[in-house]
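Encoded as structure tokens, the structure appears first; notes follow it.
The values are calculated or read from the model by the stated rules, or taken from the named source; none is laboratory data. Just so you know, these numbers come straight off a predicted model, no measurement behind them. Ideal geometry is used to build each Cβ from the backbone, glycine not excepted, and the neighbour counts take in all protein chains shown.
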Amino acid sequence: MGRPRRDVCRNALCWTALIFCVLALGALPASPAQLGLPKLKIPKIGKQETQPPTPARAKKPQVPGPEITSITPDSAPPGGDGEIVVTGKNLIQGLTINVCGARTKLDVQSPERAVAHLEIGDQAEEGPCNATVVYGVGNNGEILPTADSSPELTQEHWLGYRISNSSPMPVGLGKFNLVPEEEMKLMAALDAKSEKFRRTEDRAKNDKNLQNLMEEAQKASKSGDLQKMMELAAQMQQTSAVQDVQQQTPEMLADSQRLVELQKQEKPGRLLLEAGAVKFVAGNATLFKEPASAVKQIAYLNAGDASKAVFRIAFSDGKSYGFRELPGSDMDRVKTRLGK
């Protein structure tokens, strides 16, 4: 007899395996539990309810915590921007105070006295509000500045603060750079020169003689005629438009370099409205103070590139001051606050 064909053998093996599997499955227990396996939980599809994490509990201080007993001044206007003096107990360096929703860090001078700079939002509503001191507690129950502890404690020990338009605290008009007068004049001159330079460029673009020379120069460039290109360049330099551009360029470059040096002399500070007067404060120094009623005009210096974001406040006595806008402060807010 001949050898059986391979495909017949292969089919016989497949059928034998299939029958064995069916018989084996029929003998299996009806559930995984009968095999001693854990019961599987099939997750439900859809929105799952999750429990919020349990917040960390603040440790209990083992020593008396900081307290506020008074703040001077005891009120601030909407948009208030000024210094406050805080008196209290157990004050330590680095504490944060929250006054009417405005947070600021205390500069503690002693356990009973601290100073801080307070800035109240423009939208603060008149009326009483809370003043709170915020601190943390260390592992041994010691008092820590807020930044060095987690979680933090907010202790309300003094609730006598108010938002009031009659407060003696100044109203903040914005943070700006005070621009020197020499820089203001140079910016105005440079803006005028820039406009003249643009007119010269426009005239050059419309100069038919110059345009013809440029077209011939392009052809000479494509053909590689270097001698012709040099001759055409010499002719272009003789046109009045090119001579004007060459004459104006060095002067503008010199003015631009001088402007960069003057900008380094600008003084950053705060423009404030206090007791009917406009003043500019840089650090602890008041650089000028003028009656708000004497404000004659508030306007941008010019529309040119050199004086972009720079405006001037002019007073009726002839004095004027320039300011450069900084992020978060602009001229429109000053005009609104001063009724201009």
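Numbers at a glance
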read-out	value
Residue list for region 206-247, filter: out of contact with any Leu (no Cβ under 6 Å at 6 or more places or on another chain), touching a residue at least 24 places away in the same chain (Cβ under 8 Å) and not in a helix (DSSP H, G or I)	Asp207
Which listed residue is modelled with pLDDT of 90 or more, surrounded by 10 or more Cβ atoms within 10 Å (Cβ to Cβ) and within 30 Å of Met169 (Cβ to Cβ), from Thr96, Thr69, Thr87	Thr87
Residue in region 276-298 that is under 30 Å from Arg199 (Cβ atoms) and not aliphatic (A, V, I, L, M) present	yes
So Glu261, is it out of contact with any Gly (no Cβ under 9 Å at 6 or more places or on another chain), surrounded by fewer than 16 Cβ atoms within 10 Å (Cβ to Cβ) and farther than 30 Å from Pro78 by Cα	yes
Count of residues meeting criterion [charged (D, E, K, R) and surrounded by 14 or more Cβ atoms within 10 Å (Cβ to Cβ)] in region 232-257	2
One residue from Ala282, Ala299, Ala275 being touching a residue at least 12 places away in the same chain (Cβ under 8 Å), surrounded by fewer than 18 Cβ atoms within 10 Å (Cβ to Cβ) and touching a Phe, Trp or Tyr at 6+ places or on another chain (Cβ under 8 Å)	Ala299
Region 123-181 - residue that is on the phi < 0 side of the Ramachandran plot and in contact with a helix residue (DSSP H, G or I) (Cβ under 7 Å, 6 or more places away or on another chain) and, of those, modelled with the lowest pLDDT	Glu152
